[in-house]
Amino acid sequence: MTEHRTDRERTFAALPPARGRGFAGTWWGHAWLRALEGTALDTEQVRAGRRLARAGAVGAVSVRPGRITAVVRDRDRTAHRADVLLEELSDDEWARFLDVAVERSGHLAALLDRDLPPHLVEDAAAAGIELLPGIGDLEPECDCGAWDHCGHTAALCHLVARLLDQDPFVLLLMRGRDEGALFADLRARDSADGDGRPAPDGVDAAEAYAASFVLPPLPPLPEPPAAPGPPPSLDTEAPPAPGIDPVALEFLAAQTVLAAHLWLGETLKAAAGEQAPAGEHTPSGEPTVAQDAVRLAAGVSDGAVLDRLAEGSGRGRQELARAVLAWRSGGAAGLCALEEEWTPDGEAHARACAAVEAAWEEDERPSLRAEGNRWTVVGEDRQLRLGRDGRWWPYRREQGHWVPAGGAARDPATALAAAERAPGREE
């Protein structure tokens, strides 16, 4: 999220298209969209705005107290200035909100963590302060001439839901307080006790924990080795002990070195907040013999070794090749998606149906035939497989077999798009 900010204004660069994903993941993002849907008189304009936002038609968004602004382009690229107004809180309302925020240490800690906990919003509402907009609170203004919410203001609201998901301080700025001023007020409130007298020396433990971000940074993490070290050599004149296969042992030693290098790199990347490249998976739990054979095969090109691994895992070479693709796309979970067929129970099936329904517009949703945990696009060689954790795995039918087409996604539309993009593979 790239932005430019001053004391009273934040400007966010245009976000890329959001095809195949929802606009809100947090509860407060959903509340924002419900306010739009409850305010707009024409639901078709809300849908039109959703389509424009999903296509990336909303430019940079400016957020100021009481107003958000952006240029929104129609499908014919005509530009319109769209504004949405939200009433600022009065000084008295802000004073009551600050009192509520410092009542519980958890409120302050949540705000520092850029979270908007429901109990803070509920406590504020009990004090007469409505942080989140309700029906009629989002007032539209657009140079297209519409007097109600049009597709342009609806598109702006949908994009702001994405911004709110990442930072609820966007909402607080719209209500009249920028982040710096809010924390200054909170510190001032929290520095005195209930009688208005200065607090005793020292810092409350909860406040110290919540403000841990002011501590000096840790030293930078060391760089991992550029490549794994060489495995031990077994090329000696001593004969192997009975039952020991030197070739297999050298192979396993080399795989151990590779795995150690991989896990070290993943650990350092995770500590630095980076994501491991696709296809790298830190193991979770003890793998079965068949799973471990696939894991080993994922790093092998020697035909003789692959034959032994296929035999040891109870698979043919072609089956092993598909299993390796599944492992590379998601480790043990990806392998389960390939080989395990199960029937979701009532609750899991209902969640899956709701996810499919929400992933596409009604006129864009593909026709899917569900059999157990496998949802196949009717008349196409694409399929979604539902994992037990609720994620969706993309598959393509190639040469009579269903083949993994990528990693899992929470959103079924995103997963199915990966199956469409995946190039064909020769087996």
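Worth pointing out:
- Highest-first arrangement of 312-319, 57-64, where packing means the average Cβ count within 10 Å: 57-64, 312-319
- Rough spin-label spacing in nm, given labels placed 7 Å along Cα→Cβ, for residue 420 and residue 241: 5.9 nm
- Of the whole protein surface, residue 247 contributes about 100 Å² of accessible area at a 1.4 Å probe radius.
- Projecting the Cα atoms of 344, 312, 390 onto the charge dipole of the range 306-422 (Cβ charges, centred on the Cα centre) puts 312 farthest toward the positive pole.
- Note on residue 42/residue 398: beta-carbon distance plugged into 1/(1 + (r/R0)^6) with R0 of 41 Å gives a FRET efficiency of 0.35.
- If R0 is 56 Å, the Cβ-Cβ spacing of residue 122 and residue 221 corresponds to a FRET efficiency of close to 0.85.
- Efficiency of FRET from Cβ geometry, residue 307 and residue 388, R₀ 35 Å, rounded to 0.05: 0.65
- One decimal place: the segment residue 318-residue 95 gains 73.4 nm when fully extended, by the rule 0.36 nm per residue minus the C-alpha distance.
- Evaluating 6.51 cos²θ - 1.76 cosθ + 1.60 at θ = phi - 60° for every residue in the range 140-157, the Karplus couplings come out as x, 9, 8, 6, 6, x, 5, 8, 10, 4, 9, x, 6, 5, 5, 5, 4, 5 Hz, glycine and proline recorded as x.
- From the alpha carbon centroid of the range 373-407 to that of the range 17-95 is 34 Å.
- Paramagnetic reach from residue 51 (point 7 Å along Cα→Cβ, amide N under 20 Å) across the range 134-174: 144-160
- Placing dummy labels 7 Å off each Cα toward the beta-carbon, the span from residue 75 to residue 148 is 2.1 nm.
- Per-residue extension of 0.36 nm, minus the Cα-Cα distance of residue 141 and residue 114, leaves a gain of 6.8 nm for this segment.
- Computed from label points 7 Å out along Cα-Cβ, the spacing between residue 250 and residue 14 is 5.8 nm.
The values are calculated or read from the model by the stated rules, or taken from the named source; none is laboratory data. These numbers come from a predicted model, not from an experiment. Neighbour counts run over all protein chains shown; Cβ positions are idealised from the backbone, glycine included. We work out accessible area using only protein heavy atoms, side chains counted, and drop any ligands, DNA or RNA first. Shrake-Rupley method; radii C 1.70, N 1.55, O 1.52, S 1.80 Å.
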